[in-house]
Amino acid sequence: GLPLFATMAAVVSGGETVAGIIYDPMGDDWVMAEKGGGTWLRRPNGEAMRLQVAAPLPLAEMVGMASVAYMPAAARPLVLQNTNKVRLLSNYRCAGHEYRTFVSGHAQFMSYNKLMPWDHLAGVLMSQEAGGYAARLDGAPYLPSHVDGGLLVAIDRDSWDVLRREVFTF
């Protein structure tokens, strides 16, 4: 199999995520963010690199990650049909590596329907600190207390709006 697993942790204060880390034990490096401080890749030798989301692209050229497994059964066929509007859709089955890929500028979007805090708090903060836009599918901000309602993360608000209207239509 592929060694795609990660350790994730987040700090919540006053009902909001204020810090997060995603550690890759195989690569022995970590991505971390602190609210207002950007998103950084850090290596064991002390090297640090600030991360930014990818530049905007038209819908037909977007690459992203999503799973339909936890979407409402009635919505799955339509969402799967709609994914032909993007260039590529993949799923690592590891939110930690998907967030690392996104904040490193290698994807334009991610979507999840099961919102366990250990899978998303750190990654959503990192995405926002790297310049991305994240919100639940109803447009409301994603908060640590949310465990359902769907989540769409995109490189910017305009891309989020297009993806919500054209692909994630349930």
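The values are calculated or read from the model by the stated rules, or taken from the named source; none is laboratory data. As the structure is a computational prediction, the values presented were derived from the model and not from experiment. When we count neighbours, we look across all protein chains shown, and the Cβ atoms used for this are built from the backbone with ideal geometry, even at glycine.
For the reader, a short list of remarks on this structure follows.
- Output for region 1-30, where each listed residue is more than 17 Å from residue 134 (Cβ to Cβ), in a strand (DSSP E or B) and either within 19 Å of the chain's Cα centre (by Cα) or in contact (Cβ under 8 Å) with a residue 60 or more places away in the chain (or both): 7, 9, 11, 21, 23, 24, 29, 30
- Residue 124 being among the hydrophobic types (A, V, I, L, M, F, W, C), part of a loop (DSSP other than H, G, I, E, B) and touching a Leu at 6+ places or on another chain (Cβ under 8 Å): no
- One residue from 118, 160 being out of contact with any Pro (no Cβ under 8 Å at 6 or more places or on another chain) and farther than 22 Å from residue 28 by Cα: 160
- The residues on offer are 61, 98, 47, 129, and the sole one that is touching a Ser or Thr at 6+ places or on another chain (Cβ under 8 Å) and modelled with pLDDT of 95 or more is 129.
Yes/no per residue for (1) without any contact (Cβ under 8 Å) to a residue 40 or more places away in the chain; (2) basic (Lys, Arg); (3) touching a strand residue (DSSP E or B) at 6+ places or on another chain (Cβ under 6 Å); (4) closer than 21 Å to residue 148 by Cβ:
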{"position": "52", "(1), (2), (3), (4)": "no, no, no, no"}
{"position": "75", "(1), (2), (3), (4)": "no, no, no, yes"}
{"position": "87", "(1), (2), (3), (4)": "yes, yes, yes, no"}
{"position": "92", "(1), (2), (3), (4)": "no, no, no, no"}
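- Residue list for region 130-152, filter: surrounded by 24 or more Cβ atoms within 10 Å (Cβ to Cβ) and touching an Asp or Glu at 6+ places or on another chain (Cβ under 9 Å): 132
- Candidate set: region 128-170, residues that are more than 12 Å from residue 115 (Cβ to Cβ), in a loop (DSSP other than H, G, I, E, B) and not hydrophobic (A, V, I, L, M, F, W, C); chosen: the one farthest from the chain's Cα centre (by Cα): 169
- The set of residues from region 2-26 being surrounded by 13 or more Cβ atoms within 10 Å (Cβ to Cβ) and either small (Gly, Ala, Ser) or on the phi > 0 side of the Ramachandran plot (or both) comprises 6, 9, 10, 19, 20.
- Which listed residue is modelled with pLDDT of 95 or more, assigned by TED's automatic domain parsing to the domain that holds residue 142, of a type in the set (A, V, I, L, M, F, W, C) and under 22 Å from residue 125 (Cβ atoms), from 19, 33, 66: 66
- Residue in region 150-167 that is within 21 Å of residue 34 (Cβ to Cβ), out of contact with any helix residue (DSSP H, G or I) (no Cβ under 9 Å at 6 or more places or on another chain) and in contact (Cβ under 8 Å) with a residue 24 or more places away in the chain present: no
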